[in-house]
1. With a 1.4 Å probe and every protein chain left in place, work out the accessible area per residue of the chain in Å², rounded to a whole number.
2. Angle check, please: helix 200-211 long axis (alpha carbons) against the longest principal axis of the chain (alpha carbons), in degrees 0 to 90, nearest 10.
3. Does anyone have the angle between helix 73-85 and the longest principal axis of the chain? Alpha-carbon axes, 0 to 90°, nearest 10?
4. Tell me the angle of helix 174-183 to the major Cα principal axis of the chain, expressed in degrees between 0 and 90 and rounded to the nearest ten.
5. Under a point spin-label approximation (7 Å from Cα along Cα-to-Cβ), what is the Leu183-Lys211 distance to one decimal in nm?
6. What shape does segment 52-171 have by the C-alpha gyration tensor, where a ≥ b ≥ c are the square roots of the eigenvalues, rounded means a/c under 1.5, and otherwise prolate means a/b greater than b/c and oblate the rest?
7. Is the shape of segment 154-203 rounded, prolate or oblate, going by the alpha carbon gyration tensor and its root eigenvalues a ≥ b ≥ c, with a/c under 1.5 for rounded and a/b larger than b/c for prolate?
8. So, with a 1.4 angstrom probe, what is the percent of accessible area on segment 145-207 that is carbon and sulfur?
Amino acid sequence: MARLGPRLQQTNTLLMISSVYSSLTKAEKKVADVVKNNPEEAVLATVTDLAEQAGVGETSVIRFCRKLGFRGFHEFKLSVAQDLVDRAPSISNMRIGEEDDVMTVARKLTMQHELLLKNTLDLVNVDHLKAAIRKMLEANRILVYGVGSSGITALDLHYRLLRLGMNVEVHRDAHIIAMSAALVRKGDLVFGISTSGSTRDLVDPVRQAKKNGAEVVCLTSHLRSPIAAYADPVLLVPSREMPTEGGALSTKFTQIHLLNILTTLLSMKLDTAAEALERTAMSVADKLY
């Protein structure tokens, strides 16, 4: 049996295709469309068959596979085949219609969120998660940046890290973020949160922070996005947002779920976490009736 590469062992390939789609060339997008529309057929196809179905050359198919992190077409097919074994029900069966009653809407939304949480787990890269934890533990100071809807997620991460007793700040205003990034230095860590990974108000400061010597971790839904070029590691989450759905609650679920995994692992590594959690809890105890 062929040795499985790191990408194959850790990541759902069909989800990965969606995360890098915007960065693919026109020919590579044609290959991606064929695979996403009929993955069962793609598993059975030869590289020539897939090239003909997509209307591209065989080299475009190989480049597509390598852009996803595979060594070749055969390894790519093995990964897609693994995805199909445990594939969840199609989200198209969960679409909400005007005729749906209250319980049907509630049930469909719950099923959608269950699927998205599973997809979040499928995208977890253990090596990247471990690297993020190590760098956050080593940092003198953590600065969490997020604008717009991602700023809400940034607030949640700030709250979690603060309760663990970590030296953390959060900024959501574009001007404040720019000034903050201009002052970061070696030993600091910037944690950038951007669903698209292409928000200029975040990408430019992250680039500046990297230039200043700070470590950069990012949480995004697009692996080949501009912000990912300056981050190491990249934490990836699925997103099903349409252009008119910026800040969709479904994306928040995936982001918060992954951050919960991250901060839980952090608390297990921090010797002072239990004491910090107790002290922060006691500090607000008298606020309750």
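The values are calculated or read from the model by the stated rules, or taken from the named source; none is laboratory data. Predicted model, so just to flag it, every value in this text is computed and none were measured. Virtual Cβ from ideal backbone geometry, glycine too; neighbours counted across all protein chains shown. When the accessible area is computed, the model is the full protein with side chains, heavy atoms only, and any ligands, DNA or RNA have been set aside. Shrake-Rupley method; radii C 1.70, N 1.55, O 1.52, S 1.80 Å.
1. Details: 15350 Å² over 289 residues.
I get 53 Å² per residue for this part.
2. 70
3. 70
4. So the helix axis and the longest Cα principal axis differ by about 80 degrees.
5. 1.9
6. The shape class here is oblate.
7. Values: a/c = 1.97, a/b = 1.30, b/c = 1.51.
Because a/c hits 1.5 or more and a/b fails to exceed b/c, segment 154-203 counts as oblate.
8. Carbon with sulfur: 55 percent of the solvent-accessible area.
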